[in-house]
Amino acid sequence: MVFSRRMAALAAVVLIPLGIAATSFALTDSPAEPKVPAKVELESGSPTPAPSTTPSRPGSAPSDQVVSRPPVTDAPADEDDDDDADDGPGDDG
């Protein structure tokens, strides 16, 4: 089998990206695993919130109030309750 131009083009299409990938892989450095401290210490001067026995807002506690559903209608959702159909062309109100 003769090595033709088609075979050379096919070899170039396959071997050039493989060569680039191999070179890139060989030149990358493997980073060391990050070192995590065994114990984390916070600053001792940071203020801590004082516990309070009473809530800051009297109405902040959730209630068990049940809200009723809106009434069900057969009208489409985009229909409004305004009756503007009987207004004339000169009526701006």
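Just to be sure before I move on: is Arg69 in a loop (DSSP other than H, G, I, E, B), on the phi < 0 side of the Ramachandran plot, at pLDDT 85 or above and of a type outside the set (Val, Ile, Thr) in the structure I sent?
Criteria met by Arg69.
Could you say which residue among Ala38, Ala22, Ala85 is modelled with pLDDT under 65 and among the hydrophobic types (A, V, I, L, M, F, W, C)?
None of the others qualify; the one that does is Ala85.
The values are calculated or read from the model by the stated rules, or taken from the named source; none is laboratory data. All values derive from a computational prediction rather than experimental measurement.
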